[in-house]
Each structure stands twice: as C-alpha cells, then as structure tokens.
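The values are calculated or read from the model by the stated rules, or taken from the named source; none is laboratory data. This is a predicted model, so every value here is computed, not measured. Reconstructed Cβ throughout: ideal geometry from the backbone, glycine too, with neighbour counts over all protein chains shown. Areas reflect the complete protein model, heavy atoms only, side chains present, ligands, DNA and RNA absent. Shrake-Rupley method; radii C 1.70, N 1.55, O 1.52, S 1.80 Å.
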Amino acid sequence: VPAPVFTLQPANANVCEGANTSFTITATGATSYQWQVDQGGGFVNITNNATYSGATATTLNVTGVTNAMNGYLHRCVATN
C-alpha cells in the first residue's frame, strides 16, 4: 500500500496571545491522522483538551494561544 501523500501542508501562524488559530492539511491515501507538537523536547501526540481540538482530524484548532507557546512546532502524521 503506498504511503499517503500530502497535497496541502499547514501554513505557519503568527497569533496574538489569547487568540485562536488552526492548521489544516490534505493527504491523499490517508485513513487516519494524528497531530503532534514539539515544545522543545521532541514531537508528542496531541490529545483533545481545552487548548487543542481536532487532534485526529485534518484540521487542528488551537484555542487561547499563550506566550509560552511561542516557538512550538506542530505537524500531522497521516497513515493508511
């Protein structure tokens, strides 16, 4: 089975503290998605909570961005 192919990568976001943002991907051949965050110590899976929703969807929503999140890296792993 061929690996999924990303056809839309998430764009960088500059967000003011307290604001909301989202990241969206599109991948052909994918059957599941898992968003991850790197806070400086390596990527870990995101779970849905007060800050994140859509942890296993094509769009990750981030609610109430904080200054502490400056420099966080987000990525989505698509599998089939």
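Brief remarks on what is shown
- Considering only residues in segment 13-28 that are touching a Phe, Trp or Tyr at 6+ places or on another chain (Cβ under 8 Å) and either within 30 Å of V1 (Cβ to Cβ) or at pLDDT 95 or above (or both), the one that is most open to solvent (accessible area, probe 1.4 Å) turns out to be T26.
- Selection of segment 29-53 for residues being closer than 18 Å to P4 by Cβ, out of contact with any Leu (no Cβ under 8 Å at 6 or more places or on another chain) and without any contact (Cβ under 8 Å) to a residue 40 or more places away in the chain yields only N45.
Each row is one residue, and each column tells you yes or no for (1) assigned to a loop (DSSP other than H, G, I, E, B); (2) surrounded by 15 or more Cβ atoms within 10 Å (Cβ to Cβ).
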site: A11; (1), (2): yes, no
site: A30; (1), (2): yes, yes
site: V65; (1), (2): yes, yes
site: R75; (1), (2): no, yes
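- Test: residue in segment 54-65 that is in contact (Cβ under 8 Å) with a residue 60 or more places away in the chain and touching a Phe, Trp or Tyr at 6+ places or on another chain (Cβ under 7 Å): no
- Being in a loop (DSSP other than H, G, I, E, B), modelled with pLDDT under 95 and open to solvent by 80 Å² or more (accessible area, probe 1.4 Å) is a property that N48 lacks.
- Check on V37, in a strand (DSSP E or B), modelled with pLDDT of 95 or more and open to solvent by 70 Å² or more (accessible area, probe 1.4 Å): no
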